[in-house]
1. Tell me the angle of helix 226-236 to the major Cα principal axis of the chain, expressed in degrees between 0 and 90 and rounded to the nearest ten.
2. Based only on Cα atoms, what Rg/Rh ratio does the chain have, Rh being taken as Kirkwood's radius?
3. Size of the stretch 90-176 along its principal axes in angstrom, Cα-based, largest extent first?
4. Quick one: accessible area per residue over the chain, 1.4 Å probe, rounded to a whole number of Å²?
5. For the stretch 1-126, what ratio Rg/Rh do Cα atoms give with a Kirkwood hydrodynamic radius?
6. Quick check for me: using +1 on Lys/Arg Cβ and -1 on Asp/Glu Cβ, what's the dipole size of the chain about its Cα centre, in debye to the nearest 20?
7. Can you list the GluC sites (Glu not before Pro) in the stretch 1-100 that are in a DSSP coil and have 16 or fewer other beta carbons within 10 angstrom?
8. Run the accessible area of the chain with a 1.4 Å probe and give the carbon-and-sulfur part as a rounded percent.
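The values are calculated or read from the model by the stated rules, or taken from the named source; none is laboratory data. These numbers were taken from a predicted model, which means no experiment stands behind them. Every residue, glycine as well, gets a Cβ built from its backbone with ideal geometry; the counts of neighbours run over all protein chains shown. Accessible surface areas use protein heavy atoms only, side chains included; no ligands, DNA or RNA. Shrake-Rupley method; radii C 1.70, N 1.55, O 1.52, S 1.80 Å.
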Amino acid sequence: MGGAILSGLLNPEVEVTGGIRVTNRTVEKAEALAADGVTSLATSANPDANRVAVTGARIVLIGVKPGMVPDLLREVADSLEPDAIVVSVAAGVTIATMEALVPGAVLRSMPNTPSVVGLGVTGLAAGTRSTADDLAIVKELFETVGDVLVIPESQINALSTISGSGPAYVYFLIEQLTRTAEGLGFTPEQARTMVDGTFIGATQLLAASGSTPTELRIQVTSPKGTTERAVAELEAADLSAVFDRATAAALARAEELAAGN
Ligand SMILES: NC(=O)c1ccc[n+]([C@@H]2O[C@H](COP(=O)([O-])OP(=O)(O)OC[C@H]3O[C@@H](n4cnc5c(N)ncnc54)[C@H](OP(=O)(O)O)[C@@H]3O)[C@@H](O)[C@H]2O)c1
């Protein structure tokens, strides 16, 4: 996820002042991320890499696994600048947990994987010590890789069940429809062309047309036609209840993670 945001910052249209420093544990990963304007450090080669990276930084983006966030914040806390804004992308790690470990401003975010291609959706929540300016700067950072919704922290887990996990739901639907296409006798390659192409085409049409999904669905669904029959089967399967249960399960897991389980 950190790499996705880095790719957004490296877009030539994005103006970055003061350079970018990134860290990993392994030298291989660090080497792969080194680029013009990017100093890439590995903690295995330089145990001070994280402290060096945050020194002089206005924005400090924390992209490690949730369980590692507290130790990492303890490690860098004394090296943070007084005006540093600490932003975490970690699921389940609360602003209160982070504010207890660092002295300054903290924000919490929940991006998603399409950020890699600049089409991400990020939920962003302000902390109790962050200013309107801090929020605006970090919003701009995530806007380099897609859309940003500023929400209260109490809604971050709910957003995560929709846009954070959402790409997995979409891929799962694609997998299921591909299986059906193969069952109808198409080769895997043909099925992939049909199904991937349909998802990509339909969503690009949604983005380009300005119409709602309901309007576009109705356009495809002629009265008494074939699509109408298929959609009636989907309605009978009560997909909306399935999504309610899926997101409730994701929310319960986010709450377990926040409780340290
Ligand atoms: N994947 C998603 O869709 C998604 C969405 C929203 C939020 N998130 C959040 O993003 C975070 C990272 O997830 P991910 O999927 O990007 O994991 P990941 O691919 O494992 O990335 C974690 C990175 O942190 C580096 N790292 C680990 N410990 C470090 C340390 N002490 N100092 C410096 N670098 C260190 C790792 O480097 P090495 O590999 O060299 O050890 C690795 O590059 C998680 O907290 C997750 O909740 C993920």
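1. So the inclination is approximately 60 degrees.
2. Values: Rg = 21.6 Å, Rh = 20.8 Å.
With Rh from the inverse mean 1/r over Cα pairs, Rg/Rh is 1.04.
3. Each principal axis gives a Cα extent; for the stretch 90-176 these are 48, 24, 17 Å.
4. Numbers: 15320 Å² over 261 residues.
Result: 59 Å² of accessible area for each residue.
5. On the way: Rg = 13.9 Å, Rh = 14.9 Å.
Rg/Rh for the stretch 1-126 comes to 0.93.
6. Working: 17 positive and 30 negative charges, 70 e Å.
The calculation lands at about 340 debye.
7. Values: sites: 13, 15, 28, 31, 75, 99; in loops: 13, 15.
Answer by residue number: 13, 15.
8. Working: 8870 of 15320 Å².
For the chain, the apolar C and S fraction of the accessible surface comes to 58 percent.
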